[in-house]
1. Hey, among Ala217, Ala206, Ala177, which residue is small (Gly, Ala, Ser) and assigned to a helix (DSSP H, G or I)?
2. Considering only residues that are within 14 Å of Gly131 (Cα to Cα) and among the β-branched types (Val, Ile, Thr), look in the range 238-284 and name the one that is surrounded by the fewest Cβ atoms within 10 Å (Cβ to Cβ).
3. Could you tell me whether the range 22-38 includes any residue that is closer than 26 Å to Val285 by Cβ, touching a helix residue (DSSP H, G or I) at 6+ places or on another chain (Cβ under 6 Å) and touching a residue at least 40 places away in the same chain (Cβ under 8 Å)?
4. Identify, please: which residue in the range 1-43 is farther than 17 Å from Leu196 by Cβ and of a type in the set (Gly, Ala, Ser) and is, among those, surrounded by the most Cβ atoms within 10 Å (Cβ to Cβ)?
5. Looking at the range 11-21, can you tell me whether even one residue there is part of a helix (DSSP H, G or I) and over 15 Å from the mean Cα position of the chain (by Cα)?
6. Scan the range 204-211 and tell me whether some residue there is free of Cβ contacts under 8 Å to residues at least 12 places away in the same chain and aromatic (Phe, Trp, Tyr).
7. Check Val132 against each of (1) outside any helix (DSSP H, G or I); (2) within 21 Å of Thr248 (Cα to Cα) and name the one condition it does not meet.
Amino acid sequence: MKPRDVLELVALAAIWGASFLFMRMGAADFGPAPLSWLRVAGASVVLLPLLAMRGELPALRQHWKAIALVGLTNSALPFLLFSYAALAITAGLSSIFNATTPLFGALFAALWLRDRLGASRLLGLAIGFAGVVGLAWDKASLRPEAHGVSSAIAIAACLAATLLYGFSASFAKKRLAGVSPFALATGSQVSAAVVLALPAWWSWPAVTPGPVPWLVALTLAVLCTAVAYVLYFRLIAHVGATNAVSVTFLIPAFAVLWGFAFLGETLTPAMVLGCAVILVGTSLVTGLVRLPMPARRAE
């Protein structure tokens, strides 16, 4: 990757890492559904004009059913689940569980798309999920936190979100191959906004949040969703999907950093160990690290 690509990769990791901070800051004031709706609706307002300028609006009309499903499983439900989890667990912990997305992606690709899992990838799946079990075992508690959500339920919500991300990747590859990624990103935000509109209206806070929560929601929508998608697809175009997905490895570091700097969250040894194990597994699954293959003997 060129230096500019590396800078964009780090910037994207910092932005997506901050999304966990902003969900943690805004979920209690707005509630998970209103905050998630504000996020996708705001991103739609930014992305739709850009899509029109690119002349790609017809792709939305042509593939609207499949794009709507991606919007449900890749934006609406995951954003809602992570916002719900933010009521009980730290931004850093949520981001560590988010790093399991490639593991679920590989699992769905193997089961649904018949994507072959070699020895390295199978080992990576085993290591990654072992890290998840260990970290969840250490952090899960059924005792409700301040907002009535237990850490066990919050962890389950994070893993359900990453499971949906994994499904979405395989579904998009199977049903939306050849569709512009930018059109897919924009359409998924629009459809997510439609899906979340009623739940957001139903659970809108009785007391209107102050300026800071509104600023948090605006930043989450514009910076962490709209701008982040533009950066992500620029990276895919410039350095390829495999290099772009390496952003997964950097997000937890930034999420922990932002959580410590702005919310006073702490990083425990169990979180460090769990994150390391999960990322080792993810690196094997994605092919960023490969096991040495035994040399074949000459006949």
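The values are calculated or read from the model by the stated rules, or taken from the named source; none is laboratory data. This structure is a prediction, so every number in the text was calculated from the model and none was measured. Note that we place each Cβ from the backbone using ideal geometry, even for glycine, and neighbour counts take in every protein chain shown.
1. It is Ala217.
2. The extreme case among them is Val272.
3. First, pick out the residues of the range 22-38 that are closer than 26 Å to Val285 by Cβ: 23.
Subset that is touching a helix residue (DSSP H, G or I) at 6+ places or on another chain (Cβ under 6 Å): 23.
After this cut, where a residue has to be touching a residue at least 40 places away in the same chain (Cβ under 8 Å) as well, the list is 23.
Yes; the residues of the range 22-38 include at least one that is closer than 26 Å to Val285 by Cβ, touching a helix residue (DSSP H, G or I) at 6+ places or on another chain (Cβ under 6 Å) and touching a residue at least 40 places away in the same chain (Cβ under 8 Å).
4. Among residues in the range 1-43 that are farther than 17 Å from Leu196 by Cβ and of a type in the set (Gly, Ala, Ser), the one surrounded by the most Cβ atoms within 10 Å (Cβ to Cβ) is Gly17.
5. Yes: one or more hits.
6. Taking every residue of the range 204-211 in turn, none turns out to be free of Cβ contacts under 8 Å to residues at least 12 places away in the same chain and aromatic (Phe, Trp, Tyr).
7. (1)
For every residue, the table says whether it meets (1) under 21 Å from the mean Cα position of the chain (by Cα); (2) assigned to a helix (DSSP H, G or I); (3) farther than 28 Å from Ser203 by Cα.
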site	(1), (2), (3)
Leu60	no, yes, yes
Gly71	yes, yes, no
Ala76	yes, yes, no
Tyr84	yes, yes, no
Ser94	yes, yes, no
Leu103	yes, yes, yes
Ala109	yes, yes, yes
Gly128	yes, yes, yes
Ile153	yes, yes, no
